[in-house]
Amino acid sequence: MANNKNELSVRSTVFSHNGHIPPEYTCEGRNINPPLEINNIPEETKTLALIVEDPDASHGVYNHWVVWNILPNEAIAEGSNPGISGTNSFGKTGYGGPCPPSGSHRYFFKVFALDTDLDLLAGSAKEALLDAMKGHVLAEGVLMGKYQKKKTMAET
């Protein structure tokens, strides 16, 4: 059997790939994670890892959510905290919604199917997660959404 890298299907019921993330899931709303559905998961998958990042931030990639050891056979519910959370660029664990200071930014929800449970301490940084995943990724997929803050009265 060929060892082809599978592609996960990552989708949300609240925004489409390349679509606009609703304000509810940002700093201007409830700041909770959107619901995510992951399909085409390889049979050998033990856990999933998820990284949400904004490559358009002025000081380099901004990490909004770093999480691993997610059970592979259930959807990630809205406002949930599955698996074990690492530290995001806000200096906190868990999800931190889009909150671009200016303009429209892209947010990549990257999901990785892994052949193992990761032995990483809660609160670990994205770099530690990427190192721990090396050699264990069976498949990966991405969902990209965009967000631009609404102008406030003071800005008009």
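The values are calculated or read from the model by the stated rules, or taken from the named source; none is laboratory data. This is a predicted model, so every value here is computed, not measured. Here the Cβ positions follow ideal geometry from the backbone for every residue, glycine too, while neighbour counts run over all protein chains shown.
So the check is Cβ under 9 Å with 6+ separation or different chains; which pairs have a first residue in the range 15-35 that's among the basic types (K, R) and a second one that's part of a loop (DSSP other than H, G, I, E, B)? As it stands, the answer is R30/G79; R30/G97, since those pairs meet every condition given. Here is the figure for the range 111-150: residues that are surrounded by fewer than 17 Cβ atoms within 10 Å (Cβ to Cβ), within 17 Å of the chain's Cα centre (by Cα) and within 14 Å of N69 (Cα to Cα) total 4.
Taking the range 1-110 as the region of interest, the strands (runs of 3 or more DSSP E) fully inside it that hold 2 or more residues being out of contact with any Asp or Glu (no Cβ under 9 Å at 6 or more places or on another chain), modelled with pLDDT of 95 or more and surrounded by fewer than 16 Cβ atoms within 10 Å (Cβ to Cβ) are 37-39. Out of (1) out of contact with any helix residue (DSSP H, G or I) (no Cβ under 9 Å at 6 or more places or on another chain); (2) assigned to a loop (DSSP other than H, G, I, E, B); (3) among the acidic types (D, E), the odd one out for E127 is which? Single failed check for E127: (2).
When we screen L120, L143 for residues that are part of a loop (DSSP other than H, G, I, E, B) and modelled with pLDDT of 95 or more, the only hit is L120.
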